[in-house]
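Visitor: There's a structure below that I have some questions on.
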Amino acid sequence: MPEQVLPVALTVNGAAHRVQVPSRRLLSDCLRHDLRLTGTHVGCEHGVCGACTVLLDGVPVRSCLVLAASADGAEVTTVEGLGTEEALSPEQQAFRECHALQCGFCTPGFLTTVRAYLDDHPDPTEEEAREAVAGNLCRCTGYQGIVRAVLRAAEIRREREVAP
Ligand code: FES
Ligand code: FES
């Protein structure tokens with residue numbers, strides 16, 4: 001029997017999209033293949049590495065564990081929605097300043113995770129920053145730069161808040 005195809009409406013990075021997807025299509029594949037938003041990376045496809053993390057109605061989720069059809073009506077933020085090349089988000093600026101990436105494969109998942117974390121915890125300690133990214137795997141950096149970047153991103157957010 002052919003797989004059922006379902007209509008799905010998503011708002012991604014502020015833009016409304018309507019797609020027809022097979023019922024078992026993963027949100028990660030829908031973003032990458034149907035919407036061509038390839039900033040969301042797929043590593044393990046088992047919910048382990050965190051590379052595919054996006055914000056679903058503001059909450060970080062592993063998009064490889066979410067069916068696109070179950071996200072119908074949701075607001076999704078991917079790494080493309082955090083900032084632009086001309087105006088980096090605090091997380092992006094901090095990762096750049098702190099050399100918190102090497103190959104960059106894991107980075108989109110870290111950036112979205114850190115965005116959601118800092119929304120709720122604007123002034124983390126170093127230990128809290130380490131804990132915040134403990135569920136994301138990076139095979140290159142050794143995490144020191146990433147933890148520094150979480151703290152620096154928090155600082156940049158505060159600086160931007162007080163800037164005129
Ligand atoms: S690809 Fe989704 S958690 Fe690894
Ligand atoms: S920078 Fe290469 S996996 Fe993290």
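The values are calculated or read from the model by the stated rules, or taken from the named source; none is laboratory data. Note that the coordinates shown come from a computational prediction; the quantities given were computed from them, not determined experimentally. Glycine also receives a Cβ, built like all others from the backbone with ideal geometry; neighbour counts cover every protein chain displayed. For the accessible areas, the whole protein counts, side chains as well, though only heavy atoms, and no ligand, DNA or RNA atoms are used. Shrake-Rupley method; radii C 1.70, N 1.55, O 1.52, S 1.80 Å.
Visitor: By the scheme Lys and Arg +1, Asp and Glu -1, what is the net charge of all other residues having a beta-carbon under 14 Å from that of V147?
Guide: -4
Visitor: Please list the non-local residues whose amide H lies under 5 Å from the amide H of L6, H modeled 1.01 Å from N, same-chain partners needing a gap of 5 or more.
Guide: It is V21, S23, by chain and number.
Visitor: I'd like to compare 25-33, 128-136: which one has the highest average count of other Cβ atoms within 10 Å, and what's the full order after that? Write out the running numbers ahead of the final one.
Guide: Details: 25-33: 21.9, 128-136: 18.0.
Highest-to-lowest ranking by the protection proxy: 25-33, 128-136.
Visitor: Could you work out the helix-only [θ] at 222 nm for the chain, with each DSSP H run of four or more residues adding -39,500 (n - 2.57) and the total divided by the number of residues, to the nearest 500 deg cm²/dmol?
Guide: Estimated from H runs of four or more residues: -9000 deg cm²/dmol.
Visitor: Under a 5 Å amide H to amide H cut-off, with H placed in plane at 1.01 Å, what residues pair with T53 once short-range neighbours are removed?
Guide: S63, G109
Visitor: Which ³J(HN,Hα) values in Hz, rounded to whole numbers, follow from the phi angles of region 63-74 under the Karplus curve 6.51 cos²θ - 1.76 cosθ + 1.60, where θ = phi - 60° and Gly and Pro get x?
Guide: 5, 7, 10, 10, 6, 4, 4, 6, 9, 3, x, 8
Visitor: Expressed in nm to one decimal, what extension gain is obtained for the pair L88 and R36 from 0.36 nm per residue of sequence separation less their Cα-Cα distance?
Guide: 16.6 nm
Visitor: Compute the long axis of helix 107-120 from its Cα atoms, compare it with the longest principal axis of the Cα atoms of the chain, and write down the angle in degrees, 0 to 90, nearest 10.
Guide: The helix 107-120 is inclined about 70 degrees to the chain.
Visitor: With an 8 Å cut-off on Cα pairs and a minimum separation of 6 or more residues, tell me the relative contact order of region 5-81 in percent.
Guide: Working: 161 pairs, mean separation 30.1, N = 77.
Result for region 5-81 is 39 percent.
Visitor: What number comes out for accessible area per residue over the chain if the probe is 1.4 Å? Units Å², please.
Guide: Each residue of the chain exposes 54 Å² on average to a 1.4 Å probe.
Visitor: Estimate the FRET efficiency between T125 and V162 by the formula 1/(1 + (r/R0)^6), using the beta-carbon distance for r and 30 Å for R0, to the nearest 0.05. Write out the running numbers ahead of the final one.
Guide: Working: r = 21 Å, r/R0 = 0.70.
My answer for the efficiency is 0.90.
Visitor: Next up: When Lys and Arg each count +1 and Asp and Glu each count -1, what net charge do the other residues less than 13 Å away from G58, Cβ to Cβ, add up to?
Guide: In short, -3.
Visitor: Search the structure for amide H atoms under 5 Å from the amide H of V12, placed 1.01 Å from N in the peptide plane, and list their residues when 5 or more places away or on another chain.
Guide: Residues meeting the amide H criterion: H17, V76.
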